[in-house]
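Below you'll find the structure, written out as structure tokens, and then a few comments.
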Amino acid sequence: MKTDVEELTPTRVKLTVEVPFDELKPNLDKAYKEISQQVRIKGFRPGKVPAPLIDKYVGRGAVLQEAVNDALPELYGRAVEETEIFVLGQPDVEVTELDDGNQFAFTAEVDIRPKFDVPDYDGLEVVVETSEVTDEQIEETLGNLRERFASLTTVERAAAEGDFATIDLAAAIDGAPIDDASTTGYSYEVGSKSSVEGLDDALTGLSAGESKTFTAPLAGGERAGEDAEITVTVQSVKVKDLPEADDEFAQMASEFDTVEALRDDVRTRLGRQVRLQQLSDARDKALEALLEKVDIPLPDKVVDEEITRRNQQLEQQLAMSGGSKADFLAGEGKDEEEFDNDVANAARLAVKGGFVLDQLAVQEELSVENEELSEYVVTQAMQMGVAPQQLAEYLTQNNQLPAIVAEVLRNKALNLIVEHVTIKDEAGNEIDAAALQRELNGETVEVESEADAEAETAAEAQAIADDAADAAAADEADAKAAEQADAEAEKKADKK
């Protein structure tokens, strides 16, 4: 097999592949066998029809087409391996020659990762926020905990902002009741602006047994958006009583005997959260600092796919929350054009970051061990709320392991960058990222040791994840190339 590479752009190549016809013999034999199973010719059982009769009644062209469809993915994968290119996405394949008995040739245009070297990243310096836990943060956290143990007490007075009113709502348009916009016994926090427009103003000043009618557009239902006469009737008014932050509260809300011990624990936990955020920020900023030193072209198709993925993710989030894109943009203080520009810039940065981390992994000869892959699977499963064994089986059965290996490699490459940069807080204090990571890892181990059920499930998943890692340890480029080529190559071949 002969393969030539033509660089169309720095991020796209055209492979021209010539294959001696003899190399198609296994595919031709397979094609004859499969067609023989399908045709019905008098005097021959299925699967026993001789090749000459298949050529006569079905046609040699159909056999060649079947053989080419079967051969293309493997041939394309071999061409990618021989030329040592890193392909991105599916190729555009065209069969250019099919000379029966002599030669078979095809071309494949495909995006590739640009060729470059990651520059030296020693000496890079990043600044993160100071790891400081203030008394205000502690009291805020303690206040949130008190909110969880608050109680509601009925009061005999008019409703005011911050009160909780139990109300009935009735809506009508032109005197006709709107059933799906009416409710009874609804507990509502006055001033929260979380219901129909104008409700807060109408409620303020009403006592139990009093009503008020106002006009507002309906927020939902079949007639959403239409103005309706809405009557609110107050059943009761209640105030929230927070427990005192004392020793009795500490004993009720935690395992501590005194509120000071509870405060100390809150300080410790907040400190861990702040340090975790420091490490996360350091990773992001270290990569950003390195990306500023790299100037590489990016494939438009890959960037467009990343933009589409981000927009679809936002649409899913809005659908789940019941919000609209217009409301989201208003909250962000952006118009459509500004938002699209931000998404495009973020997509380009993400694609560039992926390329740099992939190349760094190659330069530093990083690899993924079975234990690392197992740990990743278990961690992802716990975050997703599924059994690690279930996730491991899904990844194995759906050929997702190359992508998981790539993700783990990128994480290792990013960790390597962080190890070589200087991290300081805003006060100028240098931060030891390795020591910080060890501290946080110790916290993770402690949490996992308490979660017996999850740990047992993770142990059950270990064997499957190890098997998955063995499968993924095969040449990743080959696996990705074959997978990317399959559907497109067959489609293009069918058109010839």
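The values are calculated or read from the model by the stated rules, or taken from the named source; none is laboratory data. Nothing here was measured: the structure is a model prediction, and the numbers come from that model. Ideal geometry is used to build each Cβ from the backbone, glycine not excepted, and the neighbour counts take in all protein chains shown.
Report, by residue number, each residue of segment 157-176 that is in a strand (DSSP E or B) and under 15 Å from SER211 (Cβ atoms). The answer is ALA165, THR166, ILE167, ASP168, LEU169, ALA170, ALA171, ALA172.
Among the candidates VAL58, VAL63, VAL49, VAL19, the residue that is closer than 30 Å to ARG113 by Cβ and assigned by TED's automatic domain parsing to the domain that holds THR96 is uniquely VAL19.
So which of VAL232, VAL303, VAL274, VAL259 is aliphatic (A, V, I, L, M) and touching a strand residue (DSSP E or B) at 6+ places or on another chain (Cβ under 6 Å)?
Of VAL232, VAL303, VAL274, VAL259, the one residue that is aliphatic (A, V, I, L, M) and touching a strand residue (DSSP E or B) at 6+ places or on another chain (Cβ under 6 Å) is VAL232.
If you go through segment 191-230 and keep only what is under 45 Å from the mean Cα position of the chain (by Cα), surrounded by 13 or more Cβ atoms within 10 Å (Cβ to Cβ) and of a type in the set (S, T, N, Q), you end up with SER195, THR204. Of the candidates GLY61, GLY101, the single residue that is surrounded by fewer than 18 Cβ atoms within 10 Å (Cβ to Cβ) and assigned to a loop (DSSP other than H, G, I, E, B) is GLY101. With respect to the conditions (1) surrounded by fewer than 12 Cβ atoms within 10 Å (Cβ to Cβ); (2) assigned to a strand (DSSP E or B), GLY123 falls short on a single one, namely (2).
The set of residues from segment 324-362 being surrounded by 13 or more Cβ atoms within 10 Å (Cβ to Cβ) and farther than 25 Å from ILE296 by Cα comprises LYS325, PHE328, LEU329, LYS334. For the condition within 37 Å of the chain's Cα centre (by Cα), of a type in the set (A, V, I, L, M), farther than 30 Å from ILE173 by Cα and not assigned by TED's automatic domain parsing to the domain that holds ILE417, ALA289 does not qualify. Just one of the listed residues (SER194, SER207) is of a type in the set (Gly, Ala, Ser) and either touching an Asp or Glu at 6+ places or on another chain (Cβ under 7 Å) or within 19 Å of VAL155 (Cβ to Cβ) (or both), namely SER207.
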